[in-house]
Amino acid sequence: MTSQTDVTDVNAASDTASEIPPCPLSLDFPYAWGGPAGTAQLRAKPEDFQVEELLGFEPEGEGEHHFLWIRKVGNNTDWVARHLARFTNVSYSAVAYSGLKDRHAVTEQWFSVHIPGLITPDWSQFCVEGVEILKAIRHRKKLKRGVHRANKFRICLRNFQGDRDAAEQRLDHIATQGVPNYFGEQRFGRNGNNLNKAWQRVATGQSLKLSKRDKDNKAMLLSSLRSWLFNRVLAERIEQKNWNQWLAGDIATFSGSRSQFNVESGDQELQTRLQEGSVHPTGPMWGAGEARITEEVLTLEQQVASAYPEVIEGIASAGLNHERRGLRLIPEHLHWDWQEQDLTLSFVLPAGAFATSVLRELVDWQGVEIELSE
């Protein structure tokens with residue numbers, strides 16, 4: 001398809017919307033282990049999906065940033081942050097959180113509120129339905145996005161239909177061999193709406209360059225494009241059966257770490273660590289700068305990118321730097337329990353990983369009406 005690079009404003013884009021073909025960016029990605037072992041209902045009620053944020057450090061107990069440990073039910077993270085800003089009479093930018101958490105769930109996570117001086121609000125007066133402040137403690141620094149170490153999940157899958165023995169064998173396999181580290185469907189918006197909007201922008205030649213205030217949610221749209229392209233590369237490696245193996249030119253990453261390094265051909269120790277699950281191959285989060293991949297990996301990723309020139313151009317226009325993300329995800333402390341036809345799972349995932357990417361290798365919950373956070 002030819003990009004209409006002469007279309008530069010939103011009004012012009014809407015005039016030509018009817019000329020834009022349906023979004024060709026499919027969210028139908030391949031499975032690693034042969035498809036789900038059964039069907040089940042996900043999120044029949046909020047308490048069926050519980051998330052606890054594991055920060056990885058302790059607030060210091062002094063400073064101008066008030067760290068709040070909050071339990072929320074049926075509310076998204078940004079909505080809670082805006083209510084905290086109104087309650088403390090500070091700007092929205094003075095409120096921070098490390099990660100977005102699911103709306104239709106029971107979640108516990110940290111927020112920070114910057115309140116200069118010695119004033120301490122009466123947090124017991126913060127009354128918002130479905131939100132409870134469990135703990136308040138001061139800290140010297142603002143809570144930054146993505147700094148938490150991990151998330152702990154407890155998920156109940158209702159009315160499992162399928163082969164129970166096969167499901168348990170799959171869980172054993174996931175515990176040792178992991179799953180593809182796909183970005184979950186939440187990243188793309190309900191019914192892929194964010195991805196569709198992002199496609200419409202790049203297909204009409206509009207820039208996704210981020211502005212400071214980001215009134216039109218370009219950051220969210222750009223994230224959906226980069227995440228989709230990562231998933232597409234991972235899907236290609238799954239189809240080639242090398243997503244959990246080294247290819248010539250790979251870059252590796254440690255489990256639960258952002259440290260990365262080039263893979264040396266013939267390194268037997270590194271091969272052993274790959275089999276043990278402590279290191280993983282990586283895939284691209286597209287952007288400017290040197291990717292450092294070579295040989296087979298470079299060829300594979302260039303071939304995938306060449307099929308989506310509008311997407312690559314749209315990401316490049318935003319000016320983000322190239323990054324790498326692990327292709328494999330191995331849940332920690334995976335346990336399960338049956339209560340008649342209900343299957344309850346508990347596990348820990350590193351920050352940035354999606355529980356739904358684990359669940360999709362076990363059960364199919366398509367057709368169950370759920371509202372995903374965006």
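A compact table of results
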quantity	calculated
Count of segment 109-129 residues which are under 11 Å from Phe67 (Cα atoms) and open to solvent by 40 Å² or more (accessible area, probe 1.4 Å)	1
Selection count, segment 93-116, where residues are under 18 Å from Leu143 (Cα atoms) and either at pLDDT below 95 or aliphatic (A, V, I, L, M) (or both)	10
Unique residue being among the hydrophobic types (A, V, I, L, M, F, W, C) and closer than 13 Å to Lys72 by Cα when the list is Val131, Val147, Val113	Val131
Flag if Ser211 is of a type in the set (Ser, Thr, Tyr) and either under 17 Å from the mean Cα position of the chain (by Cα) or not in a loop (DSSP other than H, G, I, E, B) (or both)	no
Residue in segment 242-250 that is touching a residue at least 24 places away in the same chain (Cβ under 8 Å), of a type in the set (Asp, Glu) and not in a helix (DSSP H, G or I) present	yes
Test: residue in segment 130-142 that is assigned to a loop (DSSP other than H, G, I, E, B), modelled with pLDDT under 95, within 24 Å of Tyr97 (Cβ to Cβ) and open to solvent by less than 50 Å² (accessible area, probe 1.4 Å)	no
Members of segment 77-107 that are in contact (Cβ under 8 Å) with a residue 12 or more places away in the chain and farther than 23 Å from Arg190 by Cα	His83, Leu84, Ala85, Phe87, Thr88, Val90, Ala94, Val95, Ala96
Failed condition for Gly256, given (1) open to solvent by less than 40 Å² (accessible area, probe 1.4 Å); (2) touching a strand residue (DSSP E or B) at 6+ places or on another chain (Cβ under 7 Å); (3) of a type outside the set (Ser, Thr, Tyr)	(1)
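The values are calculated or read from the model by the stated rules, or taken from the named source; none is laboratory data. Keep in mind that this is a model prediction, so the values were computed, not measured. As a convention, Cβ positions derive from the backbone with ideal geometry for all residues, glycine included, and neighbour counts pool all protein chains shown. What goes into the accessible areas is simple: the full protein's heavy atoms, side chains included, and nothing from ligands, DNA or RNA. Shrake-Rupley method; radii C 1.70, N 1.55, O 1.52, S 1.80 Å.
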